[in-house]
Amino acid sequence: MFSLLQIELFKISRRPRTYIAFAAITAIVLIFQFAFKADGESYMNLMLQNVQDSFDLDKSKAINGYFMCYIILNTLLVQVPILVSLIAGDAISGEANMGTLRLMLTKPYNRSQLLFVKFLAAFLFTIFLLVWIAILSLFVSLLIFGADDMLIFRVKGDESQILQISKDDVLWRYFAAFGYAAVALTVIATLGILLSVFAENSIGPIVATVCIVLFFTIVSNINVPIIDKHVKPWLFTTYMVGWKGFFYIGIDNEGQPIKGSLENWPAIRNSLVILIAHIATFLGIAFYSFQKKDILS
Amino acid sequence: MIKNSTSLLLLLLLFNQQIFAQDINVLLANIKTKMSKIKDYEAEGQMKTKVVFLKLPVAAVKLYFKNPSKFKLKTSKGISFIPKGAVNVNMNSLFNEHNFTVIDAGTDNINNVKVRVAKLLPNDDNSNLVLSTLYIDPVNLLIIKNKTTTKENGTYELMMNYNKYSSYGLPDEILFSFNTKDYKLPKGLTFDFDDQSAKNPLSKTNKASKGEVKITLNKYSINKNLSDEFFK
Amino acid sequence: MTPIIEVNQLCKSFDRFNAVNNLSFTVNKGDIFGFLGENGAGKSTTIRMLLTLIQPTSGSIQLFGEALQQNRKSILQRVGAVIEKPDLYKYLSAYENLNLFAKMSGLKLSKDSLMKQLDIVGLANRSHSKVKTFSQGMKQRLGIAVALVHDPQLIILDEPTNGLDPQGIVDIRNLIIRLSQERGKTILVSSHLLSEIELIANRLLIIHKGEKVVEGSVKSLLDPAETIIKIETSDNQFAIQLLNKWKSNENIERKENEIHIKMHKNDTPFLIRFLTENNIDIFSVKHVNSLEDYFLNLTKSDTHVQPFTN
């Protein structure tokens with residue numbers, strides 16, 4: 001099994017497509033950092049709106065490494081599913097397309113073993129991608145912009161809020177958020193693998209995965225009460241932004257943030273459970289179908 | 001014994017009446033004299049902000065003042081939201097900056113302390129200050145409450161508690177209340193995680209809300225020849 | 001003789017289409033077993049069922065005397081296969097591809113032994129070129145190297161010469177013969193060309209529309225006793241009348257302006273003498289072995305034709 005995984009990772013590592021993902025992320029993050037270094041104040045003004053009428057604030061302090069990482073993740077974690085599906089959607093279908101699937105399947109392994117290894121490889125790819133994102137968007141941002149308290153601009157129901165998290169209370173939230181993002185992206189990876197079981201070229205499942213994610217994300221953001229109430233809870237993309245929950249700091253009766261606390265841990269936990277249930281369901285269907293499938297490619 | 005105590009009570013009563021009958025201008029002049037003993041000070045303390053849309057941790061702050069009207073409020077670390085009218089928490093500059101017409105507005109009662117009320121109207125028509133109402137404890141010569149209306153920053157209110165530094169007329173606690181505008185981000189700008197927990201129909205009344213900043217000061221260094229560096 | 005492959009009443013249908021119907025055959029140890037049929041006859045489907053890529057609808061498959069489904073892993077360890085065009089990983093070199101599949105077979109081969117394998121198929125000098133730069137013939141040979149890398153006892157080759165140039169076809173043919181003679185492998189090789197199979201196979205099976213047409217040793221199917229003599233004469237009608245007295249009816253057939261007679265090749269001079277003595281002029285005499293005739297009949301007509309009967 002381990003050698004199978006090594007082989008899968010070797011194959012992924014030798015494909016130019018793999019590095020497209022890393023290059024895309026590097027480019028996006030660097031552009032963000034450059035833009036905010038050059039003119040982060042405009043963004044701050046947009047987010048602060050009329051708060052500046054009542055308060056003075058050192059905006060250059062507010063645009064720090066922690067804040068940058070949040071802004072970058074906010075955008076990037078919408079795009080990363082595309083990159084994950086690029087690898088996951090290709091897992092089985094790509095082999096079918098190349099004609100290597102039939103070769104693999106005549107080797108002395110169970111199909112479920114092979115599929116599991118494919119899943120593991122896609123999962124590890126996702127993790128590598130996230131680690132790379134973390135290095136660039138968090139650690140490089142900290143190097144460029146320094147560390148300070150973090151401001152979160154948030155819309156909660158009908159309310160808008162600005163949360164301030166102390167500098168020494170941020171890092172663990174990022175580790176938790178990246179952990180959560182890993183689970184969320186694994187849902188995409190398993191969806192990609194599931195779709196790739198049914199296809200004989202890699203374009204189909206990749207495009208299908210991306211379309212599903214885009215479609216769900218757009219529906220999630222329509223912001224009409226009837227959809228918020230009856231549709232949103234059924235879309236897994238709703239839960240993919242749950243990593244932000246780690247930055248919604250708990251507030252005491254006086255309106256002060258409580259260091260080290262979370263506003264709504266049960267909501268994050270439930271979202272995690274829902275995401276993991278998606279992973280299990282997608283994988284289950286994928287395993288069942290792959291086991292039964294006649295390999296005609 | 002009885003006679004003695006009666007005469008003491010009488011004496012106190014007389015004294016009291018005298019104080020409350022005192023001309024308001026004289027009272028203010030006394031306060032000014034008391035304040036003028038302070039050439040500069042540096043104070044350390046905490047600032048707690050209570051605004052409905054701002055969730056900020058308690059900030060460590062430092063206050064700097066230098067005669068006649070230099071004042072600075074600084075936070076020692078982290079990001080801080082400092083209310084625009086916060087310069088006015090320093091009463092020491094008030095008399096140095098403006099010339100007023102003073103109106104005696106009688107007496108009032110604040111936290112069981114009987115106070116004299118003085119309304120100060122700046123003589124300069126172009127002044128940002130429109131009206132400042134002082135609530136003064138005439139016995140201890142302390143300003144307990146101040147209500148100020150400005151052209152630019154609206155109306156705000158100061159409540160001051162005195163303890164250790166009352167002899168200097170410097171408060172241990174300042175409660176600064178002000179009006180803030182409603183903060184509203186466009187939906188969809190932030191792609192937030194909706195945990196379905198936010199159900200608040202009260203937002204309609206929220207158009208303009210009150211903000212509060214409570215500054216607790218626990219250490220003053222007074223007349224230590226503060227450098228001008230701090231006011232940059 | 002030990003049977004290596006035993007297929008019994010194998011059926012496979014896709015939706016309502018019967019790709020393989022009630023097919024039974026046996027491949028013995030050491031055989032080069034030719035598996036013949038035109039394109040779409042069900043060869044690939046059968047081969048994929050032998051390799052567990054497709055699940056049979058019904059019937060049984062035994063390899064090495066064991067039921068395939070139940071002993072899949074241990075059986076597949078002893079089987080090497082090239083199925084249609086092996087495309088391999090285009091972005092990897094020949095060496096990397098071979099190493100990768102060796103590892104998948106649970107082997108850790110040294111560089112030397114991998115190079116030796118590549119040498120067998122004549123790719124040692126291109127071992128580090130990416131597969132995407134290879135010609136179809138080179139890919140085919142690499143595919144065979146991959147199939148052989150774990151030294152399997154049974155080798156299954158599906159249309160191994162498809163798309164190859166004449167030299168490539170000869171190379172593959174020689175390789176198959178060497179594998180059988182020098183290394184004692186059992187080989188099942190499918191093709192839609194009889195000419196290829198008859199040169200290398202000792203036994204063969206012909207299928208048509210998913211059903212078995214004939215199975216047997218090439219020697220017996222190419223037996224001179226089974227030769228068809230095709231003659232053109234001045235009077236075919238009369239010739240047939242005469243021949244019917246000499247040979248039984250079922251062995252004689254009129255095809256357009258030819259007469260086909262199934263008989264021993266050595267009897268040809270007697271036939272000619274017999275006809276000329278009866279004043280029939282002979283314009284041409286051709287020998288065709290019966291196997292070829294089977295096959296030509298099959299590939300020409302769409303219906304299941306019984307040879308030598310109309």
Using only C-alpha positions, report the orientation-averaged shadow area of the convex hull of the range A:151-190, nm², one decimal.
3.8 nm²
Where does helix C:111-120 land angle-wise versus the long Cα axis of chain C, in degrees 0 to 90, nearest 10?
10 degrees
Which of C:G143, C:G106, C:G168 ends up with the largest GNM mean-square fluctuation for chain C, with Cα atoms connected below 10 Å?
C:G106
Tell me the Rg and the Dmax, in Å, that the Cα atoms of the range A:2-292 produce.
20.8, 72
Between their Cα atoms, which of B:K70/B:K181; A:K37/A:K59; A:K293/C:K12; B:K62/B:K114 are more than 20 Å away from each other?
B:K70/B:K181; B:K62/B:K114
Would you work out the relative contact order for chain A, in percent, from Cα pairs under 8 angstrom that are 6 or more residues apart?
23 percent
Quick one: what are the phi-derived ³J(HN,Hα) couplings along the range A:280-297, Karplus 6.51/-1.76/1.60 with θ = phi - 60°, whole Hz, x for glycine and proline?
4, 5, 4, 5, x, 5, 4, 5, 4, 5, 5, 4, 8, 5, 7, 8, 10, 6
With equal scatterers on the alpha carbons only and no solvent term, can you work out the Debye log10 of I(q)/I(0) for the range C:67-144 at 0.12, 0.16, 0.23 1/Å?
-0.35, -0.60, -1.08
Cross-link pairs beyond the 19 Å C-alpha cut-off, checked among A:K61/B:K77; B:K145/B:K210; A:K61/B:K74; B:K72/B:K164:
B:K72/B:K164
Reachable aspartates and glutamates from B:K219, criterion Cα separation under 13 angstrom, eight or more residues apart if same chain:
B:E42, B:E44, B:D172, B:E173
Angstrom value of the Kirkwood radius, inverse mean 1/r, which spans all Cα pairs in the range C:224-288
11.5 Å
Helix C:268-277 vs. chain C, principal-axis angle (Cα, 0 to 90°, nearest 10)
20 degrees
Candidates A:I63, A:I162, A:I87: whichever shows maximal mean-square fluctuation once chain A is modelled as a Gaussian network with Cα springs under 10 Å:
A:I162
Of B:K66/B:K184; C:K85/C:K286; A:K259/B:K84; C:K73/C:K219; C:K111/C:K185, which pairs sit farther than 29 Å apart, going by alpha carbon to alpha carbon?
B:K66/B:K184; C:K85/C:K286; C:K73/C:K219
Crossing angle, helix A:171-197 versus chain A [Cα axis fit, 0-90 degrees, rounded to tens]:
30 degrees
Given all pairs of distinct Cα atoms, chain C yields a Kirkwood Rh in Å of 21.6 Å
FRET efficiency for B:N223 and B:V139, using Cβ-Cβ distance with R0 set to 25 Å, rounded to 0.05:
0.50
The ³J(HN,Hα) series, computed from each phi in the range C:159-174 with the Karplus coefficients 6.51, -1.76 and 1.60 at θ = phi - 60°, rounded to the nearest Hz and given as x for glycine or proline, is 6, x, 9, 4, x, 9, 7, x, 5, x, 4, 5, 4, 5, 4, 5
Rounded to whole Å and sorted largest first, what semi-axes of the equivalent ellipsoid does the C-alpha gyration tensor of the range B:17-159 yield via the square root of 5 times each eigenvalue?
28, 17, 17
Integer Hz, Karplus 6.51/-1.76/1.60 couplings in order for the range C:227-242, x for Gly and Pro
5, 9, 9, 10, 10, 10, 10, 6, 9, 5, 4, 5, 4, 5, 4, 5
Between the range C:113-157 and the range B:40-83, what is the C-alpha centre distance in whole Å?
77 Å
Largest fluctuation, C:Q241, C:Q140, C:Q77 only, Gaussian network model of chain C with Cα springs under 10 angstrom, belongs to C:Q241
When we measure straight from the Cα of A:K167, which aspartates and glutamates land under 13 angstrom away, once same-chain ones fewer than 8 places off are left out?
A:D148, A:D149
Give me the compactness ratio for the protein assembly as shown, meaning the Cα radius of gyration over 2.2 N^0.38 Å.
1.62
Describe numerically, in nm with one decimal, the distance between label points set 7 Å from Cα along Cα→Cβ at B:N25 and at C:S284.
14.4 nm
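Each value in this text was obtained by applying a stated rule to the coordinates, not by laboratory testing. These numbers come from a predicted model, not from an experiment. Cβ sites come from the backbone with ideal geometry, for glycine too, and all protein chains shown count toward neighbours.
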